[in-house]
1. Mind running the shape call on the stretch 1-77? Use the C-alpha gyration tensor, a ≥ b ≥ c as the square roots of the eigenvalues: rounded below 1.5 for a/c, prolate if a/b tops b/c, oblate otherwise.
2. For the stretch 93-122 and the stretch 10-31, compute the distance between their C-alpha centroids and round to whole Å.
3. Report the Cα-based extents of the chain along its three principal axes, largest first, to the nearest Å.
4. Quick one: length gained pulling residue 68 to residue 129 fully straight, 0.36 nm per residue minus the C-alpha distance?
5. Can you give the helix-only mean residue ellipticity at 222 nm for the chain, where every DSSP H stretch with n ≥ 4 adds -39500 (n - 2.57) and the sum goes over all residues, rounded to the nearest 500 deg cm²/dmol?
C-alpha cells in the first residue's frame, strides 16, 4: 500500500473583536483565510482549508517554520493527511460486480433495498471509515 502524503504548514490564529467570528485563521503558504469560534475549531478549519485546497491545486512544499506574530495571534504548525482527505472527498463511483445467493437477491429486491448503499455502508463500517 502506498504511503499517505502528509502536508505540514504553519497557521496564524488571530483573535478578533467581532462577536460573530472569534478567531481568523491565516495559512501564509496558501495566502488563504478561514475562521473559527474556538482555538480548537480554528485549528480544524485551518486543516480543512489546506485539505480543501489540495483538491483544487497543487500544494507548495511542506513548511515547518513558524512565523513571528503579534500579541493577539498564535502561530502553530498543523499536519493534514492529504491522501486521506482526498480519499474522503472522492465522490466518483465505480461499478463493481458481486456474487450473492439468489434467495438474498430476491428478498432484497422484494424489500426494495439499494444494493449499492448497503455495500457502501458495510464497507465503511468494516474499514472504520466515518
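1. Taking the square roots of the gyration eigenvalues as a ≥ b ≥ c, the stretch 1-77 is prolate.
2. 47 Å
3. That works out to 69, 37, 22 Å along the principal axes.
4. 18.2 nm
5. Numbers: 4 runs with 47 residues, N = 130.
It comes out at -11000 deg cm²/dmol, rounded to the nearest 500.
Throughout, read-outs are computed from the coordinates displayed, never taken from laboratory work. These figures come from a predicted structure and were not determined experimentally.
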